[in-house]
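Shown next, in structure tokens, is the structure this report addresses.
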Amino acid sequence: MLKVDELTKNYGDLVAVDQISFEAGKGTVFGLLGPNGAGKSTAINCISGLLRPTSGHASVAGHDVVSDGKAARQNLGVVPQELALYEDLPAIENLRYWGKAYGLRGAELDSRVSEVLDTIGLVDRAKDLPKEFSGGMKRRLNFGCGIVHKPPVILLDEPTVGVDPQSRARLFDMVEAARDAGACVLYTTHYMEEAERLCDSLAIIDNGKLIAKGTVNELRAKLSARDVLQLNGTFPLDETRQAVDTLIERDDLDLEVITQEEECVTLTLSRASQHLPDIFAVISNAGGVVTETILRSPNLETLFLLLTGKELRE
Amino acid sequence: MNFALTSFRKDLSRWRQDLMQTAIWFAIPLTVGGLITMLMSGDGAQPHGVLLIADQDESFLSVLIAGAYSAGDIGELISVEKTTVEEGTERVNAGEASGLLIIPAGFGDAFLDAEPVTLTLKTNPAQTILPGIITDVTEIVLDAGFYAHQLFGEEINTIQSLVDESNDAAVAAIAVAIQNKIEVVAPQLFPPVINVEIVGPPATDVQVSLALLYLPGIIMMAVMFSSNGLASDFWVERDHGTLRRLVYSPGQLGSFVIGKALAAAVVIAIIGGLTLVLGFLYHGVSWAKFPSSLVWVALSGVALFSWFAALQMLFSNQNTASVISSMLLFPLLMAGGSFFPLAVLPGWIAAIGRLSPNGFVVDKLTSEITEVGAWIIDVNSWLIVAAAAASGLSICAWRLRSGFAQA
Ligand SMILES: Nc1ncnc2c1ncn2[C@@H]1O[C@H](COP(=O)(O)OP(=O)(O)O)[C@@H](O)[C@H]1O
Ligand SMILES: [Mg+2]
């Protein structure tokens, strides 16, 4: 349904999206997980036709977004990160307008609009102006406007940013409903929990590059069930490196270093809690002082840390 | 095209809620127009012209008539110079004077004997206002003379003998004094004995007064404010993200732009139409000219709207865009005859003014309102304005396609 092939977008010298490739099928949710500035919106904008890719291709339902743009757009529903509504037009008129923009007419338009109003829970407020709506209600309407023409492929760009928990839960329901109805959903987020909960498979991107790809379980497996141990404090660089090297050589520990800096050392290892006393001893013998210890069990967030040496929510 | 209508209805429905804004676009020109009309009836800055008088009669009465033009308020508008018929005709044709009044020999005697007599007034075809004023004054003077004759025939004979030796100013003072008295009794009308034969520009079915010449400029002021204001709606839609949504949807950018232009045409037609109605009522312009004037105003408004929009869409942020287009607005209004009618501006300034887009529109609208007949604007002018609208809208559509919609 959605195919992205070596997609690249430059802004001058900045490579915002760097040779990204992935594929997503019917009835699935594909996640694009990455911190702010990773290039998620840029990728979405290239697929939606708002931006022209510098190189590479994207196709929607078999239509190339550049050479066959009109057909590609007809099959695409976009829910942009920023609200895109006529705040001075009643909710129902917003839906009708965008329905017509995609060629819906007459009875088909009427039935789709009332279906969508029901889905987004705004039946009672259909005649009201969005400028009187709460943030969550506007988000829901924003979603509704993107799917009113029942597109086979839906792009959702960080739909939950700044949304109250109730609206967020409702949004998840809407995404799942669209997926169950057979849509292919591309969902970008920088919230690991959202990606884990919603996505069948996902790609992790950072600095425009795709750094990992697979189903949630495949990606978890990459961590080989290791914990991530982060030590904050002061650690003399050379002495600490030698001390850590002795730890790596020990057979009873499958330890790896993610980052080693003067104020922070991040390691990954199995059953970290059992080995904490040993590790503390070695580090302090080398002159290191630990002021804070953070121990995390394996999840996508630690995977991101493992792959990039960075926190997801920077 | 279907989507153009959808977009048209969408924009009208959105704009309908912003009545305040629309009221302001209407109120500013209305206030300015009201002020100008007030100034016109008081002592505003007024044009000045030269009336040549070829007095072949040299009687007391002919001196009285000549003096009437230099009395009071009229004297500030017109200076009177004596001349001969030949020299005067030459000077009027050369555009050096606003008019030439020929008082034939025997006029005084004919008047006193109540015999019909004809005065000839040649006016300068290149000027619009001053000849009109001179015609008005001549008619008043002659009416006054007629009533004076009816009422004070005896006294006039006496005065004639008394003032034979005095200077023009004294005669003029008496003439005005008589005229003032006459106005009180004017309601009892008798057919005038003296006719004025006007030689010059064709008679118009509208009395062209100075205030009427301001009307097209005032209407254009309303149109300029509203078209410039409406043009910023592309920026409003960009900020609301709806333009991006439009670009996501399958290729209807042209229809979208046309829909907005149609909605702008309706708003401009309403604002321009209201201003026209007020102006037509106030100045008594023939309603036969209303449809053509309204269509001209609305079409020109769309052309201005499209170019304001195109211009605003070339800038990278809305503040710059609106500052630049507002900065352009006032010089254009100034040059294009909204503050001073093109007809009273010196020739070369008026010529430049007519080249400004709104000056062009004002010039044609002035002809439509002041000349004989309706639908007199030439086909070329209609085509120019239609082409301007089409090209402006194409630029808007091109800007939408070439990245304007991106945040
Ligand atoms: N219009 C633009 N011009 C220049 N750089 C941009 C533009 N839009 C985004 N960027 C840069 O491209 C990178 C990716 O941005 P974006 O796609 O918005 O990231 P994300 O959506 O993942 O937060 C960032 O470094 C951002 O600063
Ligand atoms: Mg983003």
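The values are calculated or read from the model by the stated rules, or taken from the named source; none is laboratory data. Worth saying up front: this structure is predicted, and the values here are computed from it rather than measured. Please note: Cβ atoms are built from the backbone with ideal geometry, for glycine as well, and neighbour counts cover all protein chains shown. Side chains included, ligands, DNA and RNA excluded: accessible areas come from the protein's heavy atoms. Shrake-Rupley method; radii C 1.70, N 1.55, O 1.52, S 1.80 Å.
Remarks
- At full extension, residue B:390 and residue B:339 could sit 15.5 nm farther apart than now, given 0.36 nm per residue minus the alpha carbon distance.
- Selection from A:186, A:229, A:204 lying farthest towards where the dipole of region A:150-258 points positive, charges on Cβ: A:186
- Test item: A:39-46 mean partner chain Cβ contacts at 10 Å: 1
- Per residue, chain A exposes an accessible area of 42 Å² to a 1.4 Å probe, with every protein chain left in place.
- Highest to lowest packing among A:49-60, B:214-225, scored as the average C-beta count within 10 Å: B:214-225, A:49-60
- Rounded to whole Hz, the Karplus (6.51, -1.76, 1.60) HN-Hα couplings of region A:181-188, x for glycine and proline: 7, x, 6, 9, 10, 9, 10, 9
- Diffusion coefficient of region A:2-218 by Stokes-Einstein, Kirkwood radius over Cα pairs, 25 °C, 0.890 mPa s: 141 µm²/s.
- Overall Cα dimensions of region A:242-301, principal axis frame, Å, largest first: 32, 26, 18
- Each DSSP beta bridge with both residues in chain A is either parallel or antiparallel, and the antiparallel ones are about 65%.
- Average Cα contact separation per residue, region A:200-275, under 8 Å, 6 or more apart, as relative contact order %: 29 percent
- Shape category assigned to region A:91-149 from the gyration tensor of Cα positions, a/c cut at 1.5: prolate
- Placing +1 on the Cβ of every Lys and Arg and -1 on the Cβ of every Asp and Glu, with no other charges, gives the protein assembly as shown a dipole of roughly 3300 debye about its Cα centre.
- 10 Å Cβ neighbours from other chains, averaged over peptide A:188-199: 0
- Per-residue ³J(HN,Hα) for region B:32-37, Karplus 6.51 cos²θ - 1.76 cosθ + 1.60, θ = phi - 60°, Hz, x for Gly and Pro: 4, x, x, 4, 5, 4
- In the context of the full set of protein chains, residues of region B:221-329 present 30 Å² of accessible surface per residue (probe radius 1.4 Å, heavy atoms only).
- Occluded residues from region B:226-247, i.e. those whose accessible area drops by 40 Å² or more once the chain is not alone (1.4 Å probe): B:240, B:242, B:244, B:245, B:247
- Sequence-ordered 3J(HN,Hα) estimates for region A:193-200 from the Karplus curve with 6.51, -1.76 and 1.60 and θ = phi - 60° stand at 4, 5, 4, 5, 6, 9, 8, 6 Hz, glycine and proline given as x.
- Residue A:89 contributes an accessible area of around 10 Å² to the protein surface, as traced by a 1.4 Å probe with all chains present.
- Inter-chain Cβ neighbour average for residues A:65-71, partner chain, 10 Å: 1
- Listed residue (A:244, A:275, A:259) projecting farthest to the positive dipole end of region A:226-298, Cβ model: A:275
- Here's how it looks for residue A:186: its modeled amide H is under 5 Å from those of A:30, A:154, A:155, A:156, which are all 5 or more places away or on a different chain.
- Probe 1.4 Å, all protein chains present, accessible-area order of B:11, A:118, largest first: A:118, B:11
- Charged-residue dipole, Cβ positions (Lys, Arg, Asp, Glu), region A:2-218 about Cα centre, Debye nearest 20: 480 debye
- Annotation for the B:A interface, with buried accessible surface near 2500 Å², both sides summed [1.4 Å probe; non-protein components not counted].
- Occluded residues from region B:1-38, i.e. those whose accessible area drops by 30 Å² or more once the chain is not alone (1.4 Å probe): B:2, B:3, B:6, B:10, B:14, B:17
- Spatial separation of Cα centroids for region A:181-224 and region B:224-256, in angstrom: 35 Å
- Delta accessible area of at least 50 Å² on complex formation, residues of region A:88-115, 1.4 Å probe, chain isolated as reference: A:88, A:89, A:97, A:98, A:100, A:101, A:105
- By the equivalent-ellipsoid construction on the alpha carbon gyration tensor, the protein assembly as shown comes out with semi-axes of 85, 26, 20 Å, ordered largest to smallest.
- Portion, in percent, of the accessible area of chain A that falls on carbon or sulfur, probe 1.4 Å: 46 percent
- Solvent-accessible area of residue A:293, all protein chains in place: 60 Å² (probe radius 1.4 Å, heavy atoms, ligands and nucleic acids excluded).
- Charge-dipole axis of the protein assembly as shown as Lys and Arg at +1 and Asp and Glu at -1 on Cβ define it, positive-most pick from B:103, B:79, A:149: A:149
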